[in-house]
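Undergrad: Pasting a structure below so you can have a look.
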There are 2 protein chains.
Amino acid sequence: MKAEIIAVGSELLTPDRTDTNSLYLTQELNRLGIEVVRKTIVGDDRQLLAEAFRDALNRVPLIISSGGLGPTEDDLTRETVAELLGRKLVRDDAIVRAIEARFRSFGRTMPEINVRQAMVPEGAEALDNPRGTAPGLWIEDGERMVALLPGPPRELKPMFREQILPRLERRVSNVRMFARELRVAGMGESHVEQIVAPIYKRYGEVTTTILAAPGEVQLHLRMWTADAEAAERTLGEASEALEMALGERIFTKKGEPLEEVVARLLTMNGATIAAAESCTGGLVAQRLTSVAGSSTYFLGGVVCYSNELKSAWADVPAEMIQTKGAVSAEVAAALAEGIRRRAGSTFGLGITGIAGPSGGTEEKPVGTVHIALASAGGIKERALRFPGDREMIRWQASQTALDMVRVHYLYGGAAKSAGKEPGRG
Amino acid sequence: MKAEIIAVGSELLTPDRTDTNSLYLTQELNRLGIEVVRKTIVGDDRQLLAEAFRDALNRVPLIISSGGLGPTEDDLTRETVAELLGRKLVRDDAIVRAIEARFRSFGRTMPEINVRQAMVPEGAEALDNPRGTAPGLWIEDGERMVALLPGPPRELKPMFREQILPRLERRVSNVRMFARELRVAGMGESHVEQIVAPIYKRYGEVTTTILAAPGEVQLHLRMWTADAEAAERTLGEASEALEMALGERIFTKKGEPLEEVVARLLTMNGATIAAAESCTGGLVAQRLTSVAGSSTYFLGGVVCYSNELKSAWADVPAEMIQTKGAVSAEVAAALAEGIRRRAGSTFGLGITGIAGPSGGTEEKPVGTVHIALASAGGIKERALRFPGDREMIRWQASQTALDMVRVHYLYGGAAKSAGKEPGRG
């Protein structure tokens, strides 16, 4: 089956913002064997919107749109599609009540304007939106299917997964997409490509995409077939071959972010962690606490920007800062040790560096970062020089810090678990 | 003038990658007063490609495409557009020689396949591409203009800047885009819409877009005209009327994020800040330090997840946590005061709450957050209940905390600056 995606919203035609929902939608549609043949991004203009939907309806049996379902006058998707399909808009009182209840739960009254969101084209099914006020709509028109979804990704994704996928599953053929995603830390894209190219070329039926993100490289393996067993076998083989080649640099085979891998390792091992950050300014703490249940392993952290607070909050000797400099291996180690002792945690992370844009010197240019990991077994220290701007440097530093915890378990855990890599179960 | 952008390439219809060239192109086109009314992303399929170009040619006088100019058989843009416009493809020997020279410079011989890239539709101008083998094409067809550019951003951007912009500059009227962006904190989208709709309706020549982001609402005002003075006057009036209506809820008129506004206020006032965070886990520190030069106003922060560390690191009395609960107005205030004293800063922020997904109770459900701002003048405290998931709750809490600093200056600064709002200059 073929589908088109229409992203609605004038803000998506500015230099600041473009549609990204379609990446998620494409992934989910592909899994069902549905191919996306075109994406259209169109503004809040009735005529252009009508033209986009009309053309798409003439080409493909399935249209997924995002956006234009809000309560304001430039939200035109509902009205435009109803008119195109020759259906009246009818007020759905159950939706009005649901929106009212949502506003009440924040202690507010529903503005009259939101009643627009309760208008449903005749014969359409309204899709519940627990994360926002705009309900989605599912419309079947002969052989054609149209799903109108809200624009915010945090509303669109669960609505698609919970309410559109089941409807589509009943209708599509049994060709499915099968996929694996490996993520690699601590290696550049070209380096990964050099190592893996000879491997993935052996698997012609697998589509391999290599994507570089800051501080990590992602390997996407995809296969389209009706034969689930063959797909699992081939993808399993290909992914094992890649694991042999890349070894411990692979931090996940499930496409999850590094903080989740570290969270699992810490939780599995009953370990706790604390961080003393300078240049990352709380980014490591924020990433570690972004995982639900983080209070079981994350005790606390300090962000000590000034030299005084490095001493006051993490016991870095003032003299050391004076002689070695605030950005030095010694200070990173002292931060790690100091915060570990003060928090009483299994691990202490210490990070100090120059995120820029100013503050660099010839000896210590912007991008210089020292990271230390303290544990009962001693201190591991890394000196790095990251490329990129302030945001990139901070991100890569946080990525390296988290990866040092993961790598600690690879080696540190080896004795305990008789050579088996922990956290890879 | 109106334009459409067509991005060509099947890889842009996968879950991993989408068109981003259009953001750059839109910015440059907007500068010339050219509005992008639609973007289409289409795969390497002759029929779909032809349809996309044909429809666009019927709608607008200018089309910019990217991609599909390579030497392989799925590179179809050149052929498709030539056919649509009824022009023969003619081999351009100068281009063949240029491509041969490029290969020679890497010590290689040009593969025969690359001759395809030297085929030029009759009457079209080939655009030199020093960074790749694919030349671009500029085609004028009556009143219509079509630019075919290569897909890689590092080839597309300089080619557009050096060879398309000058051609467009000669042709476009002096209509330009003029814009304003106001951002509002602490109000929902519908609420803002209700207040501003009667205002922006008075300015029919101004296009107003309302965008909701977590914890803020953005108002984009745009106007297209050749009369710069009139534009500035009208946008100035409209934006003043909006300011009258929304008052202090507007935190910027320059489209910058809240942390930058707070950074400027603190710097201007020679003030410093420190934060003691529980549920936000370092997000406030991370946002405050994401601004270059943050070391002048941000002294440090602690993330104290455990009750013990709330006492040890921010002097929250253990007894208070016991009697009032870790998530309480009292503990937020104690965190704010404690960290202010310990860091020796002008301001102290204290944040404690339940980000979820677990940990909520009937009395204190997920989303309950207490935030306190301590200064020499005393403590301001807010109790909030945020909707959404863990990430949303944490973000909104950080947004409210930063906004409390801003609001402090609105009122606190009033005496000093004789009624003029500081930071609005």
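No lab work stands behind these numbers, since they all come straight from the coordinates. Everything numeric here is computed off the predicted structure, so don't read it as measured data. No Cβ is skipped: glycine too gets one built from the backbone with ideal geometry, and neighbour counts run over all protein chains shown.
Undergrad: Every other copy gets compared here: list the nm distances from the B:M244 label point (7 Å along Cα to Cβ) to its counterparts, shortest first, one decimal.
TA: 7.6
Undergrad: Still on this model: Counting residues in region B:120-189 as N, plug N into 2.2 N^0.38 Å and put the Cα Rg over that result. Working shown, then result.
TA: On the way: Rg = 17.8 Å, N = 70, 2.2 N^0.38 = 11.1 Å.
After normalising by residue count via 2.2 N^0.38 Å, the value is 1.61.
Undergrad: Take the Cα of A:R87, step 7 Å along the line toward its Cβ, and report every residue of region A:100-142 whose backbone nitrogen sits under 13 Å from that point.
TA: A:119-127, A:136-142
Undergrad: Tell me the relative contact order for region B:258-412 as a rounded percent, counting alpha carbon contacts under 8 Å between residues six or more apart. Each step should come with its number before you reach the end.
TA: Working: 324 pairs, mean separation 36.9, N = 155.
For region B:258-412, the relative contact order is 24 percent.
Undergrad: Right, something else. Over all directions, how big on average is the projection of the convex hull of the alpha-carbon atoms in chain A, in square nanometres?
TA: On the way: hull surface 100.6 nm².
For chain A, averaging the hull's shadow over all directions gives 25.1 nm².
Undergrad: Treat each spin label as a single point 7 Å out from the Cα along the C-beta direction, and report the A:M392 to B:N269 distance in nm.
TA: 3.6
Undergrad: Would you mind giving the mean number of other chain beta-carbons within 10 Å of the Cβ of each residue in B:391-398, as a whole number? Each step should come with its number before you reach the end.
TA: Details: counts 3, 2, 0, 3, 0, 0, 0, 1.
Counting Cβ atoms of other protein chains within 10 Å of each residue's Cβ and averaging gives 1.
Undergrad: A further question on this structure: Find every distance from the label point of B:S173 to the corresponding label point in the other copies (7 Å from Cα along Cα→Cβ) and write them in nm, one decimal, shortest first.
TA: Result for B:S173, in nm, nearest copy first: 5.1.
Undergrad: Using Cβ counts within 10 Å as a stand-in for footprinting exposure, how do B:L25, B:L258 rank, fewest first?
TA: Working: B:L25 27, B:L258 22.
The most exposed by this proxy come first: B:L258, B:L25.
Undergrad: Then there's this: With +1 on each Lys and Arg Cβ and -1 on each Asp and Glu Cβ, and nothing else charged, work out how big the dipole of chain B is about its Cα centre, in Debye to the nearest 20.
TA: Values: 52 positive and 56 negative charges, 204 e Å.
Magnitude of the dipole: close to 980 debye.
Undergrad: Select from A:E330, A:E229, A:E260 the residue whose mean-square fluctuation is largest in a Gaussian network model of chain A (Cα-Cα springs shorter than 10 Å).
TA: A:E229
Undergrad: Considering only the label points, 7 Å along Cα→Cβ from Cα, what distances in nm to one decimal separate A:Q194 from the same position in each other copy, shortest first?
TA: Once sorted, the set of distances for A:Q194 reads 6.3 nm.
Undergrad: Among the listed pairs A:K39/A:K201; B:K2/B:K201; B:K324/B:K380; B:K253/B:K364; B:K39/B:K157; A:K201/A:K380, which are separated by more than 27 Å between their Cα atoms? Intermediate values should be presented prior to the final figure.
TA: On the way: A:K39/A:K201 30 Å; B:K2/B:K201 24 Å; B:K324/B:K380 18 Å; B:K253/B:K364 36 Å; B:K39/B:K157 17 Å; A:K201/A:K380 38 Å.
In this structure, A:K39/A:K201; B:K253/B:K364; A:K201/A:K380 exceed 27 Å between Cα atoms.
Undergrad: For every other residue with a beta carbon closer than 13 angstrom to the beta carbon of B:S190, add +1 if it is Lys or Arg and -1 if Asp or Glu, then tell me the sum.
TA: Working: positive: A:R102, A:R108, A:R116; negative: A:E73, A:D75, A:E100, A:E112, B:E189, B:E193.
Neighbour charge sum, excluding B:S190 itself: -3.
Undergrad: For peptide A:291-302, what's the mean number of Cβ atoms from other chains within 10 Å of each residue's Cβ? Could you put the intermediate results ahead of the total?
TA: Details: counts 2, 8, 3, 4, 8, 1, 1, 5, 6, 16, 11, 10.
Other-chain Cβ atoms within 10 Å of each residue's Cβ, averaged: 6.
Undergrad: Output the Kirkwood hydrodynamic radius of region B:176-252, Cα pairs only, in Å rounded to one decimal. Mind dumping the intermediate values first?
TA: Working: mean 1/r = 0.0801 Å⁻¹.
Kirkwood hydrodynamic radius for region B:176-252: 12.5 Å.
Undergrad: Something else about it: Taking the Cβ of each residue in B:D44, B:D315 as the centre, tally the other Cβ atoms inside 10 Å and list the residues starting with the fewest. Show your work: numbers first, answer last.
TA: On the way: B:D44 21, B:D315 15.
Going from least to most buried by this count: B:D315, B:D44.
Undergrad: So, one more: Over all alpha-carbon pairs in region B:258-412, figure out the percentage whose distance exceeds 22 Å. Let's see the in-between values first.
TA: Values: 3892 of 11935 pairs.
Across region B:258-412, Cα pairs with separations above 22 Å total 33 percent.
Undergrad: What distance in nm lies between label points placed 7 Å from Cα along the C-beta direction at B:R97 and B:E229?
TA: Between B:R97 and B:E229, the simple spin-label model gives 5.4 nm.
Undergrad: Given the -39500 (n - 2.57) contribution per DSSP H run of 4+ residues, what per-residue ellipticity at 222 nm results for chain B, rounded to the nearest 500 deg cm²/dmol? Please report the intermediate quantities before stating the final value.
TA: Numbers: 14 runs with 161 residues, N = 425.
Only helices count here, giving -11500 deg cm²/dmol.
Undergrad: Quote the convex hull volume per residue of the protein assembly as shown, based on C-alpha atoms, as a whole number of Å³. Present the calculation step by step, with values, prior to reporting the outcome.
TA: On the way: hull volume 159.0 nm³, N = 850.
About 187 Å³ per residue, rounded to a whole number.
Undergrad: Quick one: if the Förster radius is 35 Å, what FRET efficiency do B:T109 and B:L23 give, using the C-beta to C-beta distance and rounding to 0.05?
TA: Details: r = 37 Å, r/R0 = 1.07.
Here the calculated transfer efficiency is 0.40.
Undergrad: Go through region B:85-194 and name the GluC sites (Glu not before Pro) that are in a DSSP coil and have 13 or fewer other Cβ atoms within 10 Å of their Cβ. List each step's numbers first, then the result.
TA: Working: sites: B:E100, B:E112, B:E122, B:E125, B:E140, B:E143, B:E155, B:E162, B:E169, B:E181, B:E189, B:E193; in loops: B:E122, B:E143.
Loop-located and lightly packed - B:E122, B:E143.
Undergrad: Now, a different point. With the crude spin-label approximation of a point 7 Å out along Cα→Cβ, what separation in nm comes out for A:K157 versus A:A292?
TA: Distance between label points: 1.3 nm.
Undergrad: Using DSSP to call loops (not H, G, I, E or B), can you name the GluC sites (Glu not before Pro) in region B:6-97 whose Cβ has at most 16 other Cβ atoms within 10 angstrom? Let's see the in-between values first.
TA: On the way: sites: B:E11, B:E28, B:E35, B:E51, B:E73, B:E79, B:E83; in loops: B:E73.
Listed in order of number, the matching sites are B:E73.
Undergrad: Starting with the fewest neighbours, write out A:D403, B:D227 ranked by other beta-carbon atoms found within 10 Å of each beta-carbon.
TA: B:D227, A:D403
Undergrad: While we're on this one: How compact and how long is region A:1-123, expressed as Rg and Dmax of its alpha-carbon atoms in Å?
TA: Cα only, region A:1-123: 15.9, 46 Å (Rg, Dmax).
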